[in-house]
Amino acid sequence: MEKVYINRSNILTPFGFSVETNWEQLVLGNSAVSKIESFGHLKNFYAGQIDENIFRNIKNQIINNEKYTRLELIGIYSLFQIVDKSKIDSRTGFVLSTTKGNINQISNSLEEASIPLFAQKIADYFDFETEPIVVSNACVSGVLAVNIAKRFIEMDFFDDVYVLALDELTDFVLTGFNSFQAMDFDQCKPFDKDRKGVNLGEAAACVYISKEKTNNSFQIVGEATINDANHISGPSRTGEGLVSSIENALKESDITSNKIDYISAHGTATLYNDEAFNRLEMQNIPTNSLKAYFGHTLGASGLLELVLAMKQAQENLVLKSLNYTELGTSVEQNITKENLNKEINYILKTSSGFGGSNAVIILKKVEND
């Protein structure tokens, strides 16, 4: 199979619109999750929301910005930072990951809330010649979109692919998660014994994937996607889908589990969390969740966390799992309480979502020439 590499990346969050800006805040242990007094039907809850001043700055830098919705502008600005429009041709793919897209527009018309239309508007802004590929598979969408891009390159369908993952805070999403009684109205605590539920958030993340490697590239050495078909909203209590996904990704990577240096877990802070790692003898590998830093950003979360997993590997620093003090899972896990200096060559990123969906990816840091 053709080797496939992630070569460029960018993120846009409440902290700002670059990886470096976000990294500075994460190393300090700061959180973009803050208390929101009122939003739609909910009051006095915590979430990660992009500041209006940041958004206004983004909007003012995009030509004909009145043509685009708030989320489209966020996605365009994020992707603009890594796109080389001069090299986009008929062999360049565009994959968009989102769970809800322009759901806020549904009160106007079904067409305006159409995710394919949403994807096409962003594709047209950058003059992509190929039809955008939409990935909307609950909260695994961000990781799955990268996996799909890799497969298209391996099949020689594309030479290179841009992947964009994004979602925003909406009343629709907030009230939906609240109806599941899945939200914590204080700051979330992934893996902690006192965890009560998830905080939500909004963000965009993007990567450029190709057959060519450059400085600071990461090779996608393994990936897998498996549905455990347990329940419409609840994961398998024994992690069947997640375990099988990791096993398949390890098999493709041709490495054993003890080669993994760092696990970026889905870690939403809901009761049934990532408890599958010990079944694969990975319970001693440093593991964290970034959900307490940004909230759960839905279709953006997997890619957002993957980009920051790469940054942690570049810096050889595993971030602490924010708000975690005492293990609350039923099995042993090595959850980081403090920032950990450690050489990182192999990353495992896991993602799980509604409908029993699971997606994982394994990256290898490429030595620069």
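Being in contact with a Leu (Cβ under 7 Å, 6 or more places away or on another chain), among the small types (Gly, Ala, Ser) and closer than 19 Å to residue 200 by Cβ is the filter here, so list the residues in the range 26-44 that pass it.
Scanning the range 26-44 gives 31, 40.
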*Would you mention how many residues in the range 268-301 are in contact with a His (Cβ under 8 Å, 6 or more places away or on another chain) and open to solvent by 10 Å² or more (accessible area, probe 1.4 Å)?*
2
*Mind telling me which of the residues 337, 365, 349 ends up being surrounded by fewer than 16 Cβ atoms within 10 Å (Cβ to Cβ) and modelled with pLDDT of 95 or more?*
337
*Would you mind telling me which numbered condition in (1) touching a residue at least 24 places away in the same chain (Cβ under 8 Å); (2) more than 16 Å from residue 220 (Cβ to Cβ) residue 337 fails?*
(1)
*Report yes if residue 189 is more than 19 Å from residue 311 (Cα to Cα) and either in contact with a Cys (Cβ under 9 Å, 6 or more places away or on another chain) or buried (at least 21 other Cβ atoms within 10 Å of the Cβ) (or both), otherwise no.*
yes
*asked:* What's the number of the only condition in (1) modelled with pLDDT under 95; (2) of a type in the set (Ser, Thr, Tyr); (3) closer than 30 Å to residue 80 by Cβ that residue 179 fails to meet?
replied: (3)
*Can you tell me which residue among 257, 264 is in contact with an Asp or Glu (Cβ under 7 Å, 6 or more places away or on another chain), open to solvent by 10 Å² or more (accessible area, probe 1.4 Å) and either farther than 26 Å from residue 181 by Cβ or of a type outside the set (D, E, K, R) (or both)?*
257
*Members of the range 130-160 that are open to solvent by 10 Å² or more (accessible area, probe 1.4 Å), over 30 Å from residue 270 (Cα atoms) and outside any loop (DSSP other than H, G, I, E, B)*: 133, 151, 152, 154, 160
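Quick check, is residue 344 closer than 27 Å to residue 165 by Cα, out of contact with any Ser or Thr (no Cβ under 8 Å at 6 or more places or on another chain) and touching a residue at least 24 places away in the same chain (Cβ under 8 Å)?
Against the criterion (closer than 27 Å to residue 165 by Cα, out of contact with any Ser or Thr (no Cβ under 8 Å at 6 or more places or on another chain) and touching a residue at least 24 places away in the same chain (Cβ under 8 Å)), residue 344 qualifies.
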*Quick one: how many residues across the range 100-131 are hydroxyl-bearing (Ser, Thr, Tyr) and in contact with a Phe, Trp or Tyr (Cβ under 9 Å, 6 or more places away or on another chain)?*
2
*Taking the range 312-369, which residues are over 25 Å from residue 241 (Cβ atoms) and of a type in the set (Gly, Ala, Ser)?*
313
*Among the listed residues 164, 200, 174, which satisfies the condition of being farther than 21 Å from residue 94 by Cβ and modelled with pLDDT of 95 or more?*
200
_Selection count where residues are within 17 Å of residue 134 (Cα to Cα) and either among the aliphatic types (A, V, I, L, M) or part of a strand (DSSP E or B) (or both), scope the range 161-212_ = 13
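Residue by residue, here is whether (1) in contact with a strand residue (DSSP E or B) (Cβ under 8 Å, 6 or more places away or on another chain); (2) modelled with pLDDT under 95; (3) within 21 Å of residue 207 (Cβ to Cβ) holds:
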position: 13; (1), (2), (3): yes, no, yes
position: 19; (1), (2), (3): yes, no, yes
position: 24; (1), (2), (3): no, no, yes
position: 46; (1), (2), (3): yes, no, no
position: 52; (1), (2), (3): no, yes, no
position: 58; (1), (2), (3): yes, yes, yes
*Quick one: would you say residue 241 is over 24 Å from residue 6 (Cα atoms), surrounded by 20 or more Cβ atoms within 10 Å (Cβ to Cβ) and at pLDDT 90 or above?*
no
_I'm trying to understand the selection: among the residues of the range 113-135, which are in contact (Cβ under 8 Å) with a residue 24 or more places away in the chain and more than 19 Å from residue 300 (Cα to Cα)?_
125, 126, 127, 128, 129, 130
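The values are calculated or read from the model by the stated rules, or taken from the named source; none is laboratory data. Quantities reported herein were computed from a predicted structural model and do not represent experimental measurements. A quick note on method: Cβ atoms are made from the backbone with ideal geometry, for glycine too, and the neighbour counts reach across all protein chains shown. Just so you know, the surface numbers come from the protein's heavy atoms only, side chains and all, with ligands and any DNA or RNA stripped out. Shrake-Rupley method; radii C 1.70, N 1.55, O 1.52, S 1.80 Å.
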